[in-house]
Structure formats: C-alpha cells, structure tokens
Amino acid sequence: MKAIWENIFKKGPVNDPILHAIHQVPIFKHLNGKELNEISRLTHERDYRLGESIFKKMAPGEGMYVIIQGNVTIKDPDTGMVFAQLCSGDFFGELALLDEEPRSAMAEAQEPSKLIGFFRTDLLTLMHRSPELGNKILINLSRVLGERLRQTNIALAKKSS
C-alpha cells in the first residue's frame, strides 16, 4: 500500500544526462552531488551532425568535451591517421583546460552526436568561485594526463621493440 504522504525531500535517481555524463569522467571523480551540480551549470551542450567538425587541427584549444550520445573520431586530417574512436561516456580535449596551444588533431562526429563542453574559462570561473573544487579538478586532471602519457610511452616502447 502506498503512503498518503511522500517524503518530498528525499532525493530520487539522477535522470539528468549531463550530470550522469560528468559523473563518469575521471576529471570529476570523487566530487559530491553539489560539486557536480556546480560543474553542470558551467557546461555547454551542443548537437553535432554526421561529419560535422567539433574542432579542427590547429584551432585554438579552448576546453574538453564529453560525449553524451554518439560517436566521435579523433584524427589527423593531413595523414588520415585515426588516433581514437570515441563513444558515449568518453571525453577528449582535456589538455586544452591547461594551455592555449593549438589542437594537434581534429575531432569529427561520426553520427549525429550530443556533446557537452567544459572550457578553460569555465574552469577559471570555478577556481575563482570555489578554489577547493578547482584544486580537486586540477589534481584529477593531472592524474588523467599522467595516465595518458604513461600509456603513450608503453605504446611507443612496444612499437620500437
């Protein structure tokens, strides 16, 4: 039998796809619900068509992207070399949160895709508003970049042997 009165303060399951997506990204690991909500308010949602460029090689690096739905290829348009095939839940471009160097590859939607962007200006705003949260993100970002560098070193060592 269902109760006449329900607890209106009880939190239900998270149905927000943006919150769900950022919760899965290691850069936002170990953040509580309030912190994730603050980040989600700073993200930018965008839909991309099949074959549409998310960013081009040599474009200014402005931030990272999280794929909510769809598929994205990261490739060098000059050589055609594909660096990564990414899908829902994956993220890319995070190095641009730290520097303003141009993109070293292009990102292209391989099907209609929905992405969220989290840009350097968003991170700087967050660091100004909440330095502790900003530091948590920077530490997590450092771990992600370190792990990617280690994986690249392993792959290069295997290739040269």
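Among residues of the range 136-149 that are surrounded by 15 or more Cβ atoms within 10 Å (Cβ to Cβ), those with a Cβ under 6 angstrom from a residue that is not in a helix (DSSP H, G or I), sequence gap 6+ or separate chain, pair up as N140/K29. Applying a threshold of 6 Å to beta carbon distances and a minimum spacing of six or more residues, or different chains, the list of pairs starting in the range 81-105 at a residue that is farther than 21 Å from Q69 by Cβ and modelled with pLDDT of 95 or more and ending at one that is in a loop (DSSP other than H, G, I, E, B) and among the basic types (K, R) reads R103/K57; A105/K57. The one condition from (1) under 21 Å from L141 (Cβ atoms); (2) exposed (fewer than 13 other Cβ atoms within 10 Å of the Cβ); (3) of a type in the set (S, T, N, Q) that Q85 does not meet is (1).
There is at least one residue in the range 121-129 that is surrounded by fewer than 19 Cβ atoms within 10 Å (Cβ to Cβ) and in contact with a strand residue (DSSP E or B) (Cβ under 9 Å, 6 or more places away or on another chain).
The values are calculated or read from the model by the stated rules, or taken from the named source; none is laboratory data. These numbers come from a predicted model, not from an experiment. Please note: Cβ atoms are built from the backbone with ideal geometry, for glycine as well, and neighbour counts cover all protein chains shown.
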